[in-house]
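Some notes on the structure that comes next.
Taken together, the values in this text are just the output of simple stated rules run on the coordinates, not laboratory data. If you're wondering where the values come from, they're calculated on a predicted model, not measured in any experiment. Neighbour counts run over all protein chains shown; Cβ positions are idealised from the backbone, glycine included.
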Amino acid sequence: MLKNLQKGRFGAFCSGNKRPLFLLLPVFLLLSFTAAAQNVVLSGDVKTADGKPADFITVSIPELNKSTLTNEKGEFSFNRLPVGSFKVVAKGLTAIALEQQVTLIAGNKNKVSFTLSETSRQLEEVHILSSKTKKLASKKTDYVARMPLENLENPQVYSVVSKELLKEQLTVDIKSAVQNTPGAVAYNYPAGGVGIAFRGFISGVNARNGMETSASRSSLDISNVERIEVLKGPSGTLFGSAVSSFGGVVNLVTKKPFDTTAVEIAYTGGSYNLNRLTADVNTPLNKDKSILFRINLAVNKEASFLSYGFNNTYMIAPTLTYKVSDKLTFNLDAELFNANTTRRTYNTYAANSGIHTPGEVLLDYRTSMFHDDNSGKTSASKVFAQAAYEISDNWKSTTLFSFVGEDVDYSYQSYANWTSPSQVTRQVGLWGPISNNYTNIQENINGQFSTGSIKHKFLGGLNYRFYDGSRRAGGNVLTLDNIDVTKTFAPIRRKAVDAGLVYYTSAVADQETWSAYASDVVNFTDRLSAMLSLRLDRFSRRKVATTEGFQQTALSPKLGLVYQVIKDKVSLFGNYMNGFQNLAPVTQPDGSTLVLDPIYAVQYEGGVKAELFNKKLSATASYYHIAIDNATRVEGNFTLQDGKQKSKGIDLELIGNPIAGLSIVAGYAYNDNRIVKSSNPAIEGNKAVSSPENVANFWVTYTLQHQLKGLGLGFGANYVDDNFFTAENTFYMPSYTVYDATLFYEQPKWRLGLKMNNISNRKYWDLGGNAQAPRNAMASLSFKF
């Protein structure tokens, strides 16, 4: 075994030339939170015109050069102040600054209150429009638990990537976006979509506003994304098997309309002929602002850093909100996405090839063996509708409908089978037309009630899912030639592929799932709570051609316990979570039929969450253990359901705004994912594929607050450990650290951003063995009206 794989991975991660020193920076930056306190304290609150707490309002004492932000309760405080009389200023993003003269006296409870001229709704709209980083440490969400539940009350670990962070980083694709999540590593599927690996398992981007979506073949554009939520651990109880993987769920939350008129237009250009134009237009449609409309558009064209390849996409996403009354609101949004792109080449390596890493092949790093006329043309149509009705002060009904149609006109997919560092067999397959349609109807009832002194937050839901895969066609994979890459060769052209392929068509069975679920968060005290959840799924796959259909029932529980050691600041949590996958019956060699149970993954996890310093700091640390004890395996040509796999590790996340203008996002994940039992004894005990042990992310930004206000600088790095490509653990993707930096200047009406990616010009490969872009630059200019 290779030297760096023989020793402990964590040791390799922290020693020698593999030490990512940037991980030490959060420790030093955290010290800014813990300076010695002095005697004089000033506290207070800021409210909106309608009497509600005003969060993330800047409160400053100019004479002392001190400033802070209000928390979600509208509260703020200053410590270590001198005795004396000073002017205190409260300023929203658009409102006129409010001022009060305050005399600070040692030993007194020095307090001050402000009331803004803006209402709570107007303030929220301003926050939506602003590009401030104020929500980096905020984890407010209605989707993770399908109920309003604060992060400290939730026994599940999750991360939130905000649009503000994505703007800081000049992010233009989902792969770059999710790297801000501890342990998440993204790569491109050979079919054209995006896969994201975390906690030892691979998930697609399968949820959109909490409902099922699909991007396995068509990919997606992030210009309509408000934030990205990554739920950690098997989440079948609330989301079912179609949305969640054993590692968790990736949920996209889209942008919503608001009741002021606003327009933002942005252009991004960069290396490899990147040209990207986006527009975000919002407006009320009537005088009383009960009907709101918003539309996002994006056009993206770019070439590859390889000798051949391109990525051309466009998206249009209209959204409508109709507030019928104070109790009833309708939301309707659609998304139309079209893509014409080249697929990543899928590389395989013969066992006797002598190749252990992709860097050992003799093909030039920037050379493609396939011409870019071997491309794929796909589209996706997504419709989401919601009716929210407030039954009473404590009860709410939410009815949801979603439809996702993912269509492939054609998809040319290339394959390279390496038999030595210089010899490779080139193949191309053609898939399409393919049509996958997903329809979901869901009803949720949320409520709050009490049984004596015990308080409850309750969710009850029903979901109906129908999958229509009635149309699928393709061509057999065609072997074209075997070449020596050290000699001159021509790229494979589409014309040669079309001349040799034999086409076929096949039908795909329709699927239907009926689900019922319930969740009760029981607050025994204001610090101790338990989450009790259960889901029942009835899955049916219909008969197609000569293949019989089957039905399967799955029961998925979830348990969680939370104790707030320090009320609203620090909580200890533990959870038991469950995920499942439905399996079809198997016909054995002796003619018998083995009816398989759903594969279950069970997670046990415990950890701590903290939200400190007026919620300027959010931190999570947890240890998890995921077990699969009934995976299928083959022995003597007979299928058995007793395969075992164990994935365990830790997740660490730190997000903070320690001082005005400074923001930090850092994460580290350790994962040990092994095959415990298999039909092949030789691989028992081996590491599972695409499961790097150590993954780390870091990003820090500072924006000047006084002179040259709005000028900022950002720097970050991502580290991914070695990870195996084969279960035999003979071939692996080497570790890498990639550094990025950005410089920007932001004003209320415009923003200019510059970014350098992969500063050290590192050659590296993703989990699928695809070479990644060398050093490249981007520039973005946006205007607000």
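A Förster radius of 25 Å, combined with the Cβ-Cβ distance separating THR419 from LYS495, puts the computed FRET efficiency at roughly 0.45.
Between GLU635 and SER592, the contour length at 0.36 nm per residue exceeds the Cα-Cα span by 13.9 nm.
Take the Cα of VAL383, step 7 Å toward its Cβ, do the same at GLU72, and the gap between the two points is 3.5 nm. Give me the percent relative contact order of the chain, please, defined on Cα pairs under 8 angstrom at least 6 residues apart. Taking the mean separation of contacting Cα pairs over the length of the chain, I get 10 percent.
Restricting attention to the range 40-124, the count of lysine pairs at 8 or more positions apart or across chains with alpha carbons under 14 Å apart stands at 6.
Output the relative contact order of the range 255-351, whole-number percent, from Cα pairs under 8 angstrom with separation of 6+ residues. So the answer I get is 21 percent. For the range 151-254, the relative contact order is 28 percent, taking Cα pairs closer than 8 Å that sit 6 or more residues apart in sequence and dividing their mean separation by the residue count. Counting only the Cα atoms, the range 40-124 fills a convex hull of 79 Å³ per residue.
Net charge of the neighbourhood of SER571, taken over other residues with C-beta under 13 Å away and scored Lys/Arg +1, Asp/Glu -1, is 0. Highest average first, the peptides 584-591, 171-178, 480-487, 226-233 ordered by how many other beta carbon atoms sit within 10 Å of their residues are 226-233, 171-178, 480-487, 584-591.
Place a point 7 Å from Cα of ALA777 in the direction of its Cβ. Which residues in the range 165-207 have their backbone N less than 13 Å from it? Backbone N within reach: none found. Shape class for the range 400-519: prolate, because the ratio a/c of the largest to smallest gyration tensor axis (alpha-carbon atoms, square roots of eigenvalues) is 1.5 or more and a/b beats b/c.
A simple rule links phi to the HN-Hα coupling: the Karplus curve 6.51 cos²θ - 1.76 cosθ + 1.60 with θ = phi - 60°, which for the range 200-209 gives x, 9, 9, 10, x, 8, 9, 10, 9, 6 Hz, with x for Gly and Pro. By the equivalent-ellipsoid construction on the alpha carbon gyration tensor, the range 475-523 comes out with semi-axes of 50, 21, 8 Å, ordered largest to smallest. Take each peptide in 710-722, 767-779, count the other Cβ atoms within 10 Å of every residue, and average; sorted highest first, the result is 710-722, 767-779.
Net charge of the neighbourhood of TRP699, taken over other residues with C-beta under 10 Å away and scored Lys/Arg +1, Asp/Glu -1, is -2. Distance from the C-alpha centroid of the range 715-785 to that of the range 166-200: 10 Å, rounded to the whole angstrom. I'd like the distance between the alpha-carbon centres of the range 623-682 and the range 45-73, rounded to an integer number of Å. The two parts, judged by their Cα centres, are 42 Å apart. In the chain, the calculated helix contribution to ellipticity at 222 nm averages -1500 deg cm²/dmol per residue, counting -39,500 (n - 2.57) for every DSSP H run with n ≥ 4.
Ranking of LEU594, LEU583 by neighbouring Cβ atoms within 10 Å, starting from the fewest: LEU594, LEU583.
The spread of Cα positions in the range 167-258, taken along each principal axis and listed from longest to shortest, comes to 32, 31, 26 Å.
How large is log10 I(q)/I(0) at q = 0.06, 0.10, 0.11 Å⁻¹ when the Debye formula is applied to the Cα atoms of the chain, each weighted equally and without solvent? Taken in order of the listed q values, log10 I(q)/I(0) reads -0.39, -1.15, -1.42.
Exposure proxy shown here: for TYR143, TYR267, the number of other Cβ atoms within 10 Å sets the order, fewest to most, as TYR267, TYR143. When you count the other C-beta atoms within 10 angstrom of each residue and take the mean per peptide, 539-550, 299-310 line up highest first as 299-310, 539-550. Only aspartates and glutamates eight or more places from LYS289 in sequence, or on another chain, were considered; those with a Cα closer than 14 Å are GLU125, ASP259, ASP326. Counting only Cβ charges, +1 for Lys and Arg and -1 for Asp and Glu, the dipole size of the chain around its Cα centre is about 1300 debye. Simple spin-label estimate for ASP364 and LYS709 gives 5.2 nm between the two label positions (7 Å along the Cα-to-Cβ direction from each Cα).
For THR367, the shell of other residues with beta-carbons less than 15 Å away shows a net charge of +2, using +1 for Lys and Arg and -1 for Asp and Glu.
Taking other C-beta atoms within 10 Å as the exposure proxy, ASP526, ASP537 rank ASP526, ASP537 from fewest upward.
Partner lysines whose Cα lies under 28 Å from the Cα of LYS487, excluding those fewer than 8 positions away in the same chain, are identified as LYS495, LYS763.
With the gyration tensor restricted to C-alpha atoms of the range 496-553, the semi-axes of the equivalent ellipsoid amount to 48, 19, 6 Å, longest first.
Each label was represented as a point 7 Å from its Cα along the Cα-to-Cβ direction; for LYS327 and THR103 these points are 5.4 nm apart. Based on the Cβ-Cβ distance from LYS455 to ASP484, what FRET efficiency comes out when R0 is 60 Å, to the nearest 0.05? E between LYS455 and ASP484, to the nearest 0.05, is 0.25.
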